[in-house]
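Asker: Can you read through this structure? Questions will come right after.
None of the figures in this text is laboratory data; all of them are computed from the coordinates on show. Predicted, not measured: the structure shown is a model, and the values here were computed from it. Backbone-built Cβ (ideal geometry, glycine too); neighbour counts: all protein chains shown.
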Amino acid sequence: MESDLLNVTLLSILVSGTATLLASSIAIPLGCYLGMRKFKGKELVRTVTYTLYGFPPVVAGLVLYILLSNSGPLGSLQLLFTPIAMILAQTLLVVPIVIGLTMSAVSTTSKDYTETAIILGADSWRTARTVIHEARIGIISAVMVGFGRALAEVGAVMLVGGNIQWHTRVLTTAIVLETREGNFEYGLALGAILLTIGMVFFYLMKRYQDKGMLT
Amino acid sequence: MSAIKARGISKSFGNRCVLKAIDLEVEEGDLFAIIGPSGAGKTTLLRILCSLQPPDSGTVTILGKQMSYREAEDLPLRRRMSFISQKPIAFRETVRENVAYPLRVRGIENGNEMVYHALQHVGLLDLADNLGVTLSGGELQRMAFARATVYNPEVLILDEFTAHLDPYNIKMLEDAVVSYRKEKGATVLTVTHNLFQAKRIASTTAFMLDGVIVEQNETARIFNSPADERTGSFVRGEMIF
Ligand SMILES: Nc1ncnc2c1ncn2[C@@H]1O[C@H](COP(=O)(O)OP(=O)(O)OP(=O)(O)O)[C@@H](O)[C@H]1O
Ligand SMILES: [Mg+2]
C-alpha cells in the first residue's frame, strides 16, 4: 500500500513535470517569437491559443488514443497505456497555455524594451534577448500555470494511460478509482498529496520569480 | 559640417499629416533646441532622426551617413548616437547594470571605469546598486542620461529630458548636458516645452508648429526678435490652443 502510494506520487510528478518541461521548451520560444513579431493574423493566433486553454483533456486524450491505438497511424510505436503516452497527452494540453501566457508577457513588455535596447545599440538578437529577459516573470508564471493544469488533469491520462497499477496510475486517476470503490478517506488523502505537490512547486517557482524580480 | 541633416521629412498617421516636409540642419557641436506646442510633431521628428521609425518621405543624414531605416544596416550609425525618450524606462536590473548595458551590447568588457564616470556625472554613485525600477522620476532621468552617454555618442538627442522634474534635478541634468557637450564636443538636439531651458542652454533654437519648422535662429534672436509673428506669440506665452 505504502510503496504503491509512493509509486503513484512519483509517477504524477514525473509525468506532469516532464510534460511541463517538454511543453515549455516548445512553447516558450514560440510564444516569445509570436509575442515579439508583428504579422497578419496575430489576433487569430491569439484567439485560437486562448480557446485551446479550455480544451477538454478527455478530448485531447481521445485524439491521442486514436493516433496511438493499434490501428492508428502511430500504433506501431506501441505507446498506448505507457507513461510516455501520458506525457504526450499532458504536453498537448500545456503547450497552448504556455504559448499564450508567454506571448502576452512578451507583448506587454515588448515595445518599450525593444526601442530602449535598439537605441542603446543592441542588434536584433540582443534586443530579443533583452525583451525575453524583461518578460521573465511572466514567463515563469506561464510555466507555473502549465504545470498546475498538467498535475490536476485526469481525463487524458486516464484514457491514454489506462490507470494501470504500478505502471500508469497517477494521483488523479487513483483518486477516481478510490472514489468508485468507496474509499473516500484514502481518496481525500491522495487529493491532499496532490495539493501539496502543487504548493511546493509554486512556492519554489515563486521564490525563483522573486529572485528574478530582484536581479 | 552638419551633424544632423533632415530633408523633406513627411509623416502621416492615418490621414493625419504630422510632419510636413521638414528640413532641419544641426551643426556639429551645436546645442540645438526645438520648442513648440504639444502635438506639433516634435517627438515624431526625433524618432525618425534616430531611426526608430521611417519617414513616409525625405532623407536623414547623420554625421555624413544617410539612414536606411533597415535595422541591421543602420546599427553602426545608431551606435554613434543616442536618444533619451520622453518616458525612459529602466531594465529590471541594478542602476549600474542598466548604465553598463550599451557597453555590454558593444562587447566592451572592462567598462567599469566608464560606468563609474557616467554615474558620477549625474550624481548616482550612491544608488548604483539599487534596482533601476525603484528610482524616482528625477533619478530615472539621470540614470537614462548616464546610460545614453556612457559610450560617448557623438550625437545626443533628448526629448523633454527634464519634464515634470524639480529645480534640483533640472539643474543637475542641464549641467550634465552642457558639460557633456563641452567635454566631448558632441552635438545635442533637445526638444523642450520649457522656454527658459532653451534660453539657458541652447545656442540655436527652432520653433515648430503643426508639423513645420516655422523658424530657426540663434536662441537670443528667437526670443528677442523673432521673424515670424507665430514664434513671437509663442515665446511671449500668448499662443492659445
Ligand atoms: N503612432 C502614432 N499613431 C497615431 N498618431 C500618432 C502616433 N504617434 C504620434 N501621433 C500623433 O501625432 C501628433 C504629434 O505627436 P508628437 O508625439 O510628435 O507630438 P509632440 O510635439 O512631441 O507633443 P508633446 O509636446 O505633447 O510631446 C499627435 O497628435 C499624436 O497623437
Ligand atoms: Mg513629444
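Asker: Give the range A:194-213 a look and list any residue that's surrounded by 14 or more Cβ atoms within 10 Å (Cβ to Cβ) and either more than 19 Å from the chain's Cα centre (by Cα) or within 14 Å of chain B (Cβ to nearest Cβ) (or both), or say none.
Answerer: Within the range A:194-213, A:209, A:212 qualify.
Asker: Please verify whether the range B:70-83 includes one or more residues that are small (Gly, Ala, Ser), within 16 Å of ligand 2 (Cβ to nearest atom) and in contact (Cβ under 8 Å) with a residue 40 or more places away in the chain. Before the answer, list the steps.
Answerer: So the first thing to find is which residues in the range B:70-83 are small (Gly, Ala, Ser), and the list is B:72, B:82.
Subset that is within 16 Å of ligand 2 (Cβ to nearest atom): none.
No, the range B:70-83 contains no residue that is small (Gly, Ala, Ser), within 16 Å of ligand 2 (Cβ to nearest atom) and in contact (Cβ under 8 Å) with a residue 40 or more places away in the chain.
Asker: Mind counting the residues in the range A:31-58 that are under 29 Å from residue A:199 (Cβ atoms) and surrounded by fewer than 18 Cβ atoms within 10 Å (Cβ to Cβ)?
Answerer: From the range A:31-58, those under 29 Å from residue A:199 (Cβ atoms) are A:31-32, A:49-50, A:52-58; that's our starting set.
Pick out the ones that are also surrounded by fewer than 18 Cβ atoms within 10 Å (Cβ to Cβ) and you get A:50, A:52-56, A:58.
Final tally of qualifying residues: 7.
Asker: With respect to residue B:46, is the statement that it is touching a Leu at 6+ places or on another chain (Cβ under 8 Å), within 16 Å of ligand 2 (Cβ to nearest atom) and under 22 Å from residue B:174 (Cα atoms) true? Give the derivation first.
Answerer: Details: touching a Leu at 6+ places or on another chain (Cβ under 8 Å): yes; within 16 Å of ligand 2 (Cβ to nearest atom): yes; under 22 Å from residue B:174 (Cα atoms): yes.
So residue B:46 fits the description; yes.
Asker: Output the helices (runs of 4 or more DSSP H) that fall wholly within the range A:89-183 and possess 2 or more residues being under 24 Å from the mean Cα position of the chain (by Cα), more than 22 Å from residue B:132 (Cβ to Cβ) and not hydroxyl-bearing (Ser, Thr, Tyr), or say none.
Answerer: Details: elements: A:124-134, A:136-152, A:155-161, A:171-180.
Per the criteria, A:136-152, A:155-161, A:171-180.
Asker: Can you tell me which residue is nearest to residue B:148 (Cα to Cα) among those in the range B:92-107 that are more than 8 Å from every other protein chain (Cβ to nearest Cβ) and in a helix (DSSP H, G or I)?
Answerer: B:99
Residues are listed down the side, and each one gets a yes or a no for (1) buried (at least 23 other Cβ atoms within 10 Å of the Cβ); (2) among the polar types (S, T, N, Q):
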{"residue": "B:17", "(1), (2)": "no, no"}
{"residue": "B:28", "(1), (2)": "no, no"}
{"residue": "B:33", "(1), (2)": "yes, no"}
{"residue": "B:36", "(1), (2)": "yes, no"}
{"residue": "B:50", "(1), (2)": "yes, no"}
{"residue": "B:54", "(1), (2)": "no, no"}
{"residue": "B:66", "(1), (2)": "no, yes"}
{"residue": "B:70", "(1), (2)": "no, no"}
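Asker: For the range B:38-48, how many residues are among the β-branched types (Val, Ile, Thr), near ligand 1 (Cβ under 8 Å from one of its atoms) and surrounded by 24 or more Cβ atoms within 10 Å (Cβ to Cβ)? Can you show your working first?
Answerer: Of all residues in the range B:38-48, those among the β-branched types (Val, Ile, Thr) come to B:43-44, B:48.
From the residues that got through so far, the ones that are near ligand 1 (Cβ under 8 Å from one of its atoms) too are B:43-44.
Still in the list and also surrounded by 24 or more Cβ atoms within 10 Å (Cβ to Cβ): none.
Residues meeting the conditions: 0.
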